[in-house]
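Read the figures in this text as sums done on the coordinates, not as results from a lab. What you see is a predicted model; the values in this text were computed from it and never measured. Heads up, the Cβs are rebuilt from the backbone with ideal geometry, glycines too, and the neighbour counts pull from every protein chain shown.
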Amino acid sequence: MPQVLGQCTIKKETNIKLVGFHNLVKYLEFVTFMVIISPLNRVVTNTLESLSNLMQAKKLVFALILCLSLNTLLSAQDRYFRVEAKNGASAEGLMYQYELASDNCNLKRFFQINNLKPDAGLQKGKKYYLPILIFDYNGKSIRSSLQIEGWKQALRIKKYNERMHAKKLRTKSLVSSNIIWVPFNELGCDRSAPLTDPIITEAKPPKSNNTSKASVEEKVEEKKEEVVTKIEPDQKKPIGKNPEALLAGQNKSSGYRKFPIFGKKYEHIPLIDSKLKGKIYYIVSGHGGPDPGALGTSNDKRLCEDEYAYDVGLRLCRNLLEHGATVYMIIRDPDDGMRDDLYLDCDRDEYCWGNKVIPLNQKKRLKQRADAVNDLYQANLAKGIKDQTLVTIHIDSRSKGQRTDVFFYHYPKSQSSKRLALDVHKTFKDKYAKFRPDGSYHGSVSGRDLYMLRYTDPRAIFIELGNIRNARDQKRFLYETNRDALAKWLYEGLTKR
């Protein structure tokens with residue numbers, strides 16, 4: 001319930017007790033009396049002769065001053081964490097990056113504390129306050145530090161700080177720094193209807209100063225043929241002699257696990273829970289090695305399908321691992337890892353599971369990855385594991401003017417494949433309805449007799465993320481925050497059942 005002081009209502013934005021609150025009140029009372037009330041005594045005496053009690057006027061003035069002072073203290077910007085905007089950053093993207101998109105009030109608060117209009121863009125290099133409140137940790141507990149009662153709330157805040165540290169968004173842990181990060185919604189929002197959705201931005205990519213022209217090769221939609229450049233494989237040595245140990249060999253029940261395939265920045269992954277224990281996922285990102293797949297350009301930068309499909313695949317893999325699933329990245333890169341860049345360098349050093357060089361011939365290439373999936377499937381089936389899923393990720397290529405939403409294929413003769421595609425499609429439809437300004441979504445689900453659907457054993461889904469040649473579609477996967485959102489939505493759709 002709000003506190004009413006005279007005619008002024010103070011809405012409690014947090015459940016935190018201000019340190020030294022009683023001292024603050026005494027101080028404000030003293031300042032109010034010396035600066036305002038004392039000089040006003042003569043004025044109030046002369047002008048308010050009809051009042052039977054002069055103290056009523058004094059209390060009213062003090063209440064007004066206290067009300068204004070507390071509101072000012074509660075909105076002070078120096079209590080919020082500040083971050084520098086990178087190239088192409090958006091308010092929505094920052095909310096998702098720092099896991100603040102779960103409550104709409106976080107985004108509203110972001111605009112308020114930065115004095116921005118809701119449609120305002122962010123300037124590269126400028127620092128902005130995030131709706132993350134900063135509090136001292138007393139070395140005992142989060143509850144006693146913040147003066148809150150709920151242990152579940154304290155646990156959420158603890159896990160949030162751990163995730164931010166694991167993602168390298170905060171340099172030191174809660175304990176080592178004695179600083180607690182508290183999302184604004186944890187203390188200032190109505191949590192009766194929490195949301196968990198990321199936001200995909202539609203920001204315009206920044207212009208490049210590079211004036212060099214990149215060649216563009218098209219993929220013919222009617223034949224759905226994969227485009228290859230006529231170059232010989234030039235692949236680096238794979239990671240280690242036994243890649244199977246990277247993703248499937250660690251069975252820790254808690255804590256962080258190390259997966260070098262994600263790169264130094266993201267190789268340590270927390271085990272949030274084990275709700276996907278016993279489930280196996282095979283992720284195949286399209287093309288790779290000597291075949292970059294469909295090609296596009298953005299601000300004279302060359303875009304390769306295999307690089308962006310691989311990055312989204314890694315992010316999906318990470319989401320699944322965080323919840324206890326066993327995941328096999330069938331197509332692998334020895335040094336890329338998860339990347340935050342807008343433009344991902346095209347290379348040819350990807351390889352197939354089992355340290356196998358990817359062949360240039362299309363049929364041999366598809367057979368190689370299908371065989372890898374099937375061998376693993378049969379080995380896991382022999383262990384009694386039946387819940388196994390194959391996810392193939394591509395980016396389409398059509399005429400530059402043709403926009404597409406994310407769409408899905410399933411094998412026509414498999415009902416389990418169709419159900420899976422429909423589940424993921426519905427997830428995307430719901431997300432677009434919520435986050436796209438006009439709520440429209442035109443992604444489709446259809447059966448198609450593709451090699452990776454016909455000749456693989458697990459239930460399978462084939463995903464096209466958009467048209468790599470269309471400028472609007474490119475924004476869907478150019479931005480790191482958008483690739484992260486795509487992976488999260490795929491994870492939600494794949495794990496519905």
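Here the residues His442, His287, His268, ranked from fewest to most Cβ neighbours within 10 Å of their Cβ, fall in the order His442, His268, His287. Mean projection of the Cα convex hull over all viewing directions, computed for the range 244-494: 13.0 nm². Summarised as an ellipsoid, the range 362-497 has semi-axes of 28, 18, 13 Å, derived from the eigenvalues of the Cα gyration tensor scaled by 5 and square-rooted, with the largest first. For Lys264 and Asp371, the FRET efficiency from 1/(1 + (r/R0)^6), where r spans their Cβ atoms and R0 equals 22 Å, is about 0.10. Packing, as the average of other Cβ atoms within 10 Å across residues, places the peptides 392-399, 339-346 in the order 392-399, 339-346, highest first.
Between the range 414-447 and the range 108-163, how many Å separate their Cα centres? Here the answer is 33 Å between Cα centres. I want to verify the translational diffusion coefficient of the range 77-188 in µm²/s; compute it with Stokes-Einstein, Rh as the Kirkwood radius over Cα pairs, at 20 °C and 1.002 mPa s. In µm²/s, the coefficient rounds to 147.
In this rough spin-label picture, where each label sits 7 Å from Cα along the Cβ direction, the Lys158-Arg454 distance is 5.5 nm. The distance from the alpha carbon centre of the range 292-327 to that of the range 378-398 is 16 Å, rounded to a whole number.
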